[in-house]
Every structure is written in C-alpha cells, then in structure tokens.
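Novice: If you scroll down you'll find the structure; I have some questions about it.
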Amino acid sequence: MTTAGTAQQGTADFNPEVLRSRYRAERDKRLRPDRNEQWVEVKGDFANYIDDPYVAPGFTRAAVTETVDAVIVGGGFGGLMAGARLRQAGINNLRIIEKAGGFGGTWYWNRYPGAQCDIDAYIYLPLLEETGYIPTQKYVFAPEILAHAERIGSKFDLHKAALFQTQITEMRWSGDEGCWIVHTDRGDVIRATYVITASGPLNRPRLPGIEGIGSFKGHTFHTSRWDYAYTGGSTAGGLTKLADKRVAVIGTGATGVQSIPFVGEHAKHLYVFQRTPSTVDVRGNRPTDPEWVKTLKPGWQKRRIENFNTLVSGGHEDEDLVHDGWTDIIRSLRTTASVEAQGAKTPEEIAARLELADLRKGSQVRARVDTIVKDAKTAEALKAWYYMFCKRPTFNDDYLPTFNRPNVTLVDTNGKGVERITEKGLVVGGVEYEVDCIIFATGFEVGTTFTRRAAYNVIGTGGRDLGQHYANGMKTLHGYCSHGFPNHFILGLSQNGFKANFTDMLGEQVEHVVGLISDVRKKGMTLIEPTAEAETAWQGVIAEKAVPARAFLAQCTPGYYNAEGEVDRGVFLETYGGGPLEFTEMMKAWRADGQMKGLQLA
Ligand code: NDP
C-alpha cells in the first residue's frame with residue numbers, strides 16, 4: 001500500500017511512509033507516564049482560578065424551598081434549549097440552576113480577546129428562526145453569542161426560572177416522594193420530578209502540573225476567566241495595559257490560537273510556550289449579506305444544520321450550504337480518497353486511501369506556515385505532525401503572522417512542555433524566561449470523573465452514587481439516563497451521537513429527552529428509568545462500535561481526544577462510533593416504535 005500510495009501522489013516531497021514515521025516519533029516523545037493525571041485541579045490553593053470575574057462580589061439572596069416539575073442544571077445552550085422545549089411541551093414549572101451570573105455557559109466564561117465560534121454562526125446559534133435573529137457575520141465573536149443566549153432566555157421567559165450564582169451541592173432521589181431533592185450552596189431545597197443536566201463537557205478549567213506552578217510571584221489567570229482589569233481592553237482587543245508587561249502564554253490549542261494575536265499586539269514582549277502546535281488553516285470570515293438574508297425561507301436553519309451535519313458525517317448532499325473549513329476538509333479528504341480509492345475494494349484499502357488524503361491535507365497546512373512565518377526555525381516549530389482530527393483543527397488568519405512581530409517569541413518545548421515555573425518566570429531547556437504575567441491557555445478537564453467535574457454528588461435509588469456508577473466510564477442507555485437514577489437525564493458528550501456542531505447535538509438530545517418525558521406523561525406515567533439489562537446491552541454496542549475510533553486515536557498525538565494517550569479513557573470512545581447520522585436514525589426508529597424498549601416506566 002505504501003509504495004502504491006507514494007506513486008499516486010505525484011509530488012516529490014510527499015512520502016507517506018516518511019510522514020507516518022514522523023507522526024509516530026512526534027507522538028511518542030509527547031507520551032508521558034502521568035497521562036491524564038498531569039493536570040492540577042482548580043481547588044485548594046488554586047480555587048481562585050475559577051472565581052467569577054464578571055460579577056460583583058458579595059451576592060446574597062434568600063434560600064428557596066419549593067417543588068417544581070424539572071430542575072435543569074446549567075444555563076448554557078443545552079439548558080436553555082431544554083427550558084424552551086419543556087415550556088413548549090407544557091411543562092412550565094422549571095428551575096435552572098447555574099453557577100455563573102447569567103446565561104451562556106461556555107460563552108459566559110470564555111470572554112478572552114478574540115473568542116469566537118469557529119462553526120458557521122447560522123448553524124451554531126440555536127433557535128434563530130424562533131428568536132428572529134440573524135448573526136452579523138459567518139463566524140461571530142463571543143459577545144454576540146452571549147447576547148443570543150440571553151435572547152433565548154427572554155424569548156422563552158427563562159430568566160424568572162433561573163437561580164444564578166448558585167451551585168448544587170447534592171441531589172438525592174427520594175423513592176418515597178418520587179422526586180429528586182436538590183440542595184445548593186445558597187441553602188435551597190428544591191424537589192423536582194425530573195432533572196436534566198446540561199453542565200457542558202469543558203466546564204472545569206485545568207492547570208498544567210508544572211513543577212513550581214504555585215511559586216510564581218507575578219500575575220496569573222486562566223483564559224476562561226480573563227482578567228481585563230490587568231490587561232485592559234475587551235473581547236475585541238485593545239489590551240493596552242500590557243504595554244509595559246512581559247507576558248507568557250502557555251498553550252497553543254484553539255483558545256491559544258484565537259487569543260495570542262491580541263496579546264502579541266499589545267504586550268511589551270510575548271513568549272508563547274508551545275508543547276504541540278495546532279493545525280492552523282484559513283479563516284475567511286465575512287459579514288452577513290442582507291441580500292442572502294432576503295432569500296431565506298421558513299425552515300432554512302434546520303435545512304442548513306442538517307446539510308452541514310450530513311456532509312461532515314460522511315454523507316452525500318448535492319449542495320454544500322455552509323461551505324467552510326470543516327466541510328472543505330472533509331470534502332477534500334473524501335475527494336482525494338475517492339480518486340485514490342479507484343481500484344480499492346476492501347474497507348481496509350479504502351481506509352488506507354483516506355489516510356493518504358489526510359496526510360496530504362496535513363502537508364498542505366504545514367506548507368501554509370512557510371508562506372506566512374518569516375523565520376525558518378520558528379516556521380518549522382509551528383508545523384503540526386499528526387492526523388488532522390487527532391486534535392481540534394483551527395482556522396485563523398492572524399495567529400501565524402503574530403510570530404513575525406519583533407516582540408513575540410515562540411518558545412518551543414519540543415513536545416515536553418514547560419520544565420519549571422520559578423518565582424520570576426518559566427524554564428525551558430535550562431533557560432529562564434522572566435515574565436510579569438502567565439496566562440494559562442491550558443484547556444479544561446476531560447476524562448476525569450463525572451462528579452469531579454460536576455462538583456456535587458448524585459445519589460440514586462438505594463444510595464447508589466452516580467460518580468461510582470461512572471467510575472470506569474459512562475454507563476447509560478443511549479447516553480441519556482442510567483439504571484438506579486430515575487428521571488435523571490444527561491445532555492452533552494455521552495454515549496450518543498457526537499456532532500461537530502455542538503449546539504445541533506444538544507438540540508437533538510433535548511428533542512429526544514423532552515419528547516420522551518412528554519410521551520410517558522401522555523401514558524399517565526412519570527417515572528422513567530432504564531433497566532440494568534438494557535444499560536449493559538448498550539455498553540456492548542458502544543464498545544463494539546468504538547473499535548475503528550480506538551485504532552485511530554491510539555496512533556494520535558496525546559491530547560484530550562485520547563485522554564493524553566490513555567486511549568480507553570478517551571471521551572470519544574464513549575460516543576456512538578457508528579456516527580451521528582446512524583444514531584439519529586436509530587433513535588427516531590426507537591421512539592416511533594412506541595414500546596420504549598429498555599425503559600421501565602411507572
Ligand atoms: P486545549 O486542551 O485544546 O489546549 C491546551 C493547550 O495547553 C495545549 O496546547 C497543550 O499542549 C498546552 N499545555 C498543556 N500543558 C502544558 C505544559 N505543561 N507546557 C506547555 N503547554 C502545555 O484547550 P483549549 O482551551 O485551547 O481548547 C479546548 C477546546 O475548547 C477545543 O478543543 C474546542 O473544543 C473548544 N474551543 C472551541 C472554540 C471554537 O471556536 N468553537 C474556540 C476555543 C476552544 P498539548 O497540545 O501538547 O497538550
């Protein structure tokens with residue numbers, strides 16, 4: 001296969017076997033014995049990293065004691081859509097519990113300069129037709145997304161249901177009362193027939209476990225709690241208070257790529273500490289064309305969402321409505337693969353051709369670095385040597401040019417990370433870089449236990465603890481609910497179909513859960529719980545379908561997709577490996593059948 005592949009490429013510098021070997025070597029040097037345990041949890045001395053910088057301190061309110069139909073955990077897009085759909089289903093007595101000071105979830109917290117959604121806004125922002133809103137550009141920035149979350153809240157009258165700045169401390173099922181009893185840090189005691197948890201997969205910031213991290217005497221913060229009082233400016237930039245500051249950014253993932261150009265523009269000096277480079281492809285943002293808006297017919301958003309989902313999931317559409325970096329990558333992979341697939345007969349041969357297409361795309365993205373970054377050594381260090389979907393691909397037109405600035409230095413750590421943090425700065429390769437401020441663009445906990453990320457315990461029937469139930473990974477029926485935890489539903493990354501457009505995935509999950517609750521209520525019942533047998537059978541389906549993804553992730557450079565190389569704990573192995581299109585069809589058929597197989601109802 002290798003020789004055939006080489007012969008078909010037709011370019012002198014493209015040698016798949018050399019690339020594979022380079023990818024393996026780059027991965028191997030990044031594998032660490034501490035794998036997913038390499039992070040510092042934001043508690044104890046580090047708890048201040050998750051303080052909310054966007055609210056005035058000292059908030060108090062009277063404790064609430066009440067009984068509602070449903071408690072929704074989280075006021076991000078998942079929670080908002082759950083609230084909206086429950087209202088539409090006539091389930092009106094709701095409580096949304098949210099630790100932030102307002103709606104928005106991810107977009108409430110992530111206000112770093114340049115924060116932007118890299119998915120087409122016309123498909124990412126939910127309920128556009130229902131709220132009558134059209135995004136201002138193809139890729140919108142965080143403030144516009146946050147405003148849209150508030151818009152949904154207003155449209156569906158959800159503000160009055162919300163308890164902001166409130167954290168759940170425990171939820172416990174009462175068999176006698178047939179409801180959940182939810183306790184919070186504000187002294188609330190709320191009884192709820194249903195609980196829908198939409199607390200997000202990337203909700204808990206993490207810090208790198210670098211020796212000496214607590215000893216630095218300068219200023220520090222995490223990107224998801226950006227300290228504008230220190231930097232000056234806003235999400236739109238203008239970080240003028242950095243003019244006399246030497247700043248370090250640790251982390252070059254999707255967040256680092258978006259924020260670094262703004263820091264580089266203003267800092268006296270910026271040191272970017274890189275462990276693994278991101279792939280950085282063309283952004284190409286543009287304002288919304290009013291003439292295009294005039295052509296939109298009712299149902300346009302759903303059609304556009306489905307079109308994108310089909311294309312990025314490997315299906316066929318005559319037209320590519322979104323036509324962006326995501327659909328381009330997949331189309332380019334498929335087109336190259338289909339050209340190369342001529343003559344390929346077995347699934348293995350086709351997979352091999354797809355791999356070649358991926359290698360070629362990677363070469364193209366690396367070549368882009370050379371066209372932009374002037375210093376040859378820096379350009380070389382900024383090239384990513386792994387398959388395109390081993391890490392989240394990024395799209396940005398300002399990141400690479402930032403390294404041409406005289407006040408910006410890339411400190412490449414050759415895959416090893418920062419060695420040490422001292423009172424004055426950071427050490428790499430025995431050199432100490434003195435700085436005034438360290439910004440951690442080091443991401444969020446993934447693959448840690450559900451209750452650690454939720455930061456409260458869920459106690460089901462017979463005193464079962466959900467954290468223990470999930471100690472070795474999720475155990476659910478269809479990703480939504482678990483045996484021993486009646487009327488407790490989970491939205492987000494779980495044992496169901498993963499979609500690149502996260503809000504589409506959440507919307508589909510909400511439709512399913514709220515639809516299920518409504519169907520059961522129509523039967524005159526309220527209690528929904530999967531049987532132990534059905535839950536076990538679903539684990540079998542997930543494990544069987546995970547085989548191809550497992551093989552792919554095992555050859556990937558470490559990251560949160562593969563639990564830093566601890567592949568079996570990787571979050572994507574828990575999702576349904578047959579893909580979102582297959583999962584959606586399966587769930588539609590399951591509901592249409594009306595028998596609710598695998599559930600016990602009462
Ligand atoms: P990531 O987890 O993707 O990145 C963390 C970064 O920190 C990596 O570059 C990592 O290097 C680096 N790092 C960790 N430890 C060290 C160390 N000891 N020394 C040096 N570097 C270190 O977090 P992000 O916040 O960037 O992104 C998280 C996710 O959020 C994205 O994958 C995406 O899903 C989402 N996101 C989405 C956006 C959108 O537009 N929709 C925008 C921004 C984020 P290494 O790679 O080697 O681990």
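The values are calculated or read from the model by the stated rules, or taken from the named source; none is laboratory data. This structure is a prediction, so every number in the text was calculated from the model and none was measured. Counting neighbours? That spans all protein chains shown, and the Cβs are built from the backbone with ideal geometry, glycine included. Just the protein is used for accessible areas: all its heavy atoms, side chains included, with ligands, DNA and RNA removed. Shrake-Rupley method; radii C 1.70, N 1.55, O 1.52, S 1.80 Å.
Novice: Every residue in segment 10-42 that is under 22 Å from the mean Cα position of the chain (by Cα) and exposed (fewer than 15 other Cβ atoms within 10 Å of the Cβ), please.
Specialist: Listed by number, the list holds a single entry, Glu37.
Novice: Could you give me the residue pairs with C-beta distances under 9 Å whose first residue belongs to segment 412-432 and is in a loop (DSSP other than H, G, I, E, B) and near the ligand (Cβ under 9 Å from one of its atoms), whose second residue is at pLDDT 95 or above and aromatic (Phe, Trp, Tyr) wherever it lies, and which are 6+ apart or on separate chains?
Specialist: Thr413/Phe273; Gly417/Phe273; Val418/Phe273
Novice: Also, quick follow-up: Just to check your reading of the model, which residue among Val282, Val312 is more than 12 Å from the ligand (Cβ to nearest atom), among the hydrophobic types (A, V, I, L, M, F, W, C), open to solvent by 40 Å² or more (accessible area, probe 1.4 Å) and in contact with a Phe, Trp or Tyr (Cβ under 8 Å, 6 or more places away or on another chain)?
Specialist: One residue alone meets the criteria, Val282.
Novice: Please work out if Ala357 is part of a helix (DSSP H, G or I), touching a Ser or Thr at 6+ places or on another chain (Cβ under 8 Å) and of a type in the set (A, V, I, L, M, F, W, C).
Specialist: Here the answer is yes, as Ala357 does meet what is asked.
Novice: If you don't mind, there's one more thing I want to ask. Of all residues in segment 241-273, which are within 14 Å of the ligand (Cβ to nearest atom), assigned to a strand (DSSP E or B) and surrounded by fewer than 24 Cβ atoms within 10 Å (Cβ to Cβ)?
Specialist: Passing the criteria: only Tyr271.
Novice: Would you mind finding the one in Thr169, Thr193 that is outside any loop (DSSP other than H, G, I, E, B), in contact with a Cys (Cβ under 8 Å, 6 or more places away or on another chain) and more than 16 Å from the ligand (Cβ to nearest atom)?
Specialist: Selected residue: Thr193, the only one of Thr169, Thr193 that is outside any loop (DSSP other than H, G, I, E, B), in contact with a Cys (Cβ under 8 Å, 6 or more places away or on another chain) and more than 16 Å from the ligand (Cβ to nearest atom).
Novice: Restricting segment 207-230 to residues that are farther than 21 Å from Lys99 by Cβ, within 9 Å of the ligand (Cβ to nearest atom) and touching an Asp or Glu at 6+ places or on another chain (Cβ under 9 Å), which is most open to solvent (accessible area, probe 1.4 Å)?
Specialist: The residue in question is Gly209.
Novice: Looking at Gly507, is it outside the structural domain of Arg304 (by TED's automatic domain parsing) and under 26 Å from Asp120 (Cα atoms)?
Specialist: Yes.
Novice: Which residues, taken from segment 483-507, are open to solvent by 30 Å² or more (accessible area, probe 1.4 Å) and closer than 17 Å to Gly74 by Cβ?
Specialist: Within segment 483-507, Leu493, Phe502 qualify.
Novice: Consider Arg172 carefully, then state whether it is open to solvent by 20 Å² or more (accessible area, probe 1.4 Å) and at pLDDT 95 or above.
Specialist: yes
Novice: Still on this model: For Val365, which of the numbered conditions (1) modelled with pLDDT of 70 or more; (2) open to solvent by 20 Å² or more (accessible area, probe 1.4 Å) fails to hold?
Specialist: (2)
To keep it simple, each residue is scored yes or no on (1) of a type outside the set (Ser, Thr, Tyr); (2) in the same structural domain as Tyr433 (by TED's automatic domain parsing); (3) under 30 Å from Phe403 (Cα atoms).
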{"site": "Gly256", "(1), (2), (3)": "yes, yes, yes"}
{"site": "Pro261", "(1), (2), (3)": "yes, yes, yes"}
{"site": "Arg286", "(1), (2), (3)": "yes, no, yes"}
{"site": "Thr295", "(1), (2), (3)": "no, no, no"}
{"site": "Lys302", "(1), (2), (3)": "yes, no, no"}
{"site": "Glu306", "(1), (2), (3)": "yes, no, no"}
{"site": "Asn309", "(1), (2), (3)": "yes, no, no"}
{"site": "Val312", "(1), (2), (3)": "yes, no, no"}
{"site": "Asp318", "(1), (2), (3)": "yes, no, no"}
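Novice: Let me ask another. Among the residues of segment 438-466, count how many are assigned to a strand (DSSP E or B) and either within 16 Å of the ligand (Cβ to nearest atom) or under 24 Å from the mean Cα position of the chain (by Cα) (or both).
Specialist: Residues in segment 438-466 being assigned to a strand (DSSP E or B) and either within 16 Å of the ligand (Cβ to nearest atom) or under 24 Å from the mean Cα position of the chain (by Cα) (or both): 6 in total.
Novice: Looking at (1) within 15 Å of the ligand (Cβ to nearest atom); (2) of a type outside the set (A, V, I, L, M, F, W, C); (3) not assigned by TED's automatic domain parsing to the domain that holds Ala551, which is the only condition Arg111 fails?
Specialist: Of (1) within 15 Å of the ligand (Cβ to nearest atom); (2) of a type outside the set (A, V, I, L, M, F, W, C); (3) not assigned by TED's automatic domain parsing to the domain that holds Ala551, only one is false for Arg111: (3).
Novice: Additional query: Does Glu144 qualify as being free of Cβ contacts under 8 Å to residues at least 60 places away in the same chain and loosely packed, with under 14 Cβ neighbours inside 10 Å?
Specialist: Criteria not met by Glu144.
Novice: Could you tell me which of the residues Gln116, Gln137 is within 14 Å of the ligand (Cβ to nearest atom) and over 19 Å from the mean Cα position of the chain (by Cα)?
Specialist: Going through Gln116, Gln137 in turn, the sole match is Gln137.
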